[in-house]
Amino acid sequence: GSFAYLRVELGDFIAYIAAGNILLEYVIGGAAVARSWTSYFATLCNHDSDDFVIIVHSMPDDYSKLDPIAVVVVCVICVLAVLSTKGSSRFNYIASIIHVIVILFIIIAGFTKADTKNYSNFAPFGVRGIFKSSAVLFFAYVGFDAVSTMAEETKNPARDIPIGLVGSMAITTAAYCLLSVVLCLMQPYPKIDKDAPFSVAFEAVGMSWAKYVVAAGALKGMTTVLLVGAVGQARYLTHIARTHMLPPWLAQIHPKTGTPINATIVMLIATAIIAFFTDLKILADLLSISTLFIFLLVALALIVRRYYVSGETSTTDRIILITCLILILGSSIATATYWGVSENNDWVAYVITMPIWFLATAGIAVFIPQARKPKVWGVPLVPWLPSLSIAINIFLLGSIDGASFKRFGIWTCVLLLYYFFFGLHASYDTAKELGENRIGDGWKRVEEGQSVSTVTASGVSLDEAK
């Protein structure tokens, strides 16, 4: 996953910061889905979407709606994830088929109740509203990275993982677009329910019976999402713990079930606690910051991977690469900052920052030869595509509210304190003991598409790496 990729290309420190945000991302994502599960369960029981939460008026508004049902759901998911990976996969397979049928039903039935007048005010909050929504929408792309964590349990990861990632992302993106179009055509935007939108929308158009189908399908879908997330996040935590950046007992695998029980339980306890207290909007904004930040780092690592190889890249090329990357990051941050703090639509600053981004990217493409070519498959249009990804991710970060960045900053400070007092020393000692160079070479061969067995045969066993 992203942690292993960033560790190979940008080093332990960047990988650790990314790992902390990946774990935060999964915990928050699971908590948000668990709270949504409660809302749809309420509509299935013919109640309002927020009837099953407990409101405590003495607590702050963002943390006053307690959700005990979400905690119960997370606990059940924890048991399923601990028992068996294969069993979880079979459950996901059956649930996914049902969920696809429900999605098709929503799209087809929804279009029969479409009213194009609802699109008369297409962008009620203007351009800024569109980009702010786009930033929060990255909430939807959290689970895709979990596919890469299943490489050890895939027969041909170099082929199957990319196909799974790109294929599932394309299909899901199309489904999201169709579902959002249908929802806005069924019901005027101001009347859309934020907790259980489709169930309420079908009731509003006179198809009360359909809300039960939608609610049941949504519950199955969200249960699948929670289970996939539980499996993926536990494997992420296990892999990080193998480096000793986190306590190694988190990497222990149960001999009977073959699952990382400690990691699964720890992650889902954290998910349950956050799901019990925290409002959905806070979760969505904070999760989007973590997701965009990780995407930014991976795009940066991709450019470094293609244009820099230690001991082979000349000093001149290295200086040019570093300078161009600083200009790409600096111009992107300046664009996002100006967008975030300015209240008008003045374009003067963009005339300065965007050409700098373009010239810096062109400088990498023209003046630096690629030091490494992909051996199995690779991202096209490098450096333009990853550079554009950096710019877009940073720009969308500028559309998120300041309170979310404060929470993100607090979490980052906690990560840094743990790393410098514990993780740094433990990972360094482990690397010296096992011979980090051998392990690093092995993981680089894995990154280039060789199978696990090939790497093991070359002298770097997984047991040593663990």
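The values are calculated or read from the model by the stated rules, or taken from the named source; none is laboratory data. Since the structure is predicted, the reported quantities are computational estimates derived from the model, not experimental observations. Because the Cβ atoms are built from the backbone with ideal geometry, glycine has one as well, and the counts that use them run over all protein chains shown. To get the accessible areas, we keep the full protein, side chains included, count just its heavy atoms, and leave off ligands, DNA and RNA. Shrake-Rupley method; radii C 1.70, N 1.55, O 1.52, S 1.80 Å.
Things worth noting here:
- Cα centroid separation, region 49-77 to region 228-305 (Å): 23 Å
- For residue 254, the residues whose amide H sits under 5 Å from its own are 259, 261, ignoring neighbours fewer than 5 places away on the same chain, with H placed 1.01 Å from N.
- Heavy-atom accessible surface of region 23-278, averaged per residue, reaches 49 Å², computed with a 1.4 Å probe.
- Inverse of mean 1/r across different Cα pairs in region 23-278, Kirkwood, Å: 19.7 Å
- Split the accessible area of the chain by element, probe 1.4 Å, and carbon with sulfur accounts for 69%.
- Kirkwood Rh in Å, taken over the chain so that all alpha-carbon pairs contribute: 23.9 Å
- Using θ = phi - 60° in the Karplus curve 6.51 cos²θ - 1.76 cosθ + 1.60, the 3J(HN,Hα) couplings for region 379-396 round to 5, x, 6, 8, x, 5, 5, x, 5, 5, 4, 4, 5, 5, 4, 5, 4, 5 Hz; x is entered for Gly and Pro.
- Exceeding the 29 Å Cα-Cα cut-off - candidates 191/281; 155/211; 132/191; 220/406; 211/281: 155/211; 220/406
- Highest average packing first - 379-387, 266-274, 173-181, Cβ atoms within 10 Å: 266-274, 379-387, 173-181
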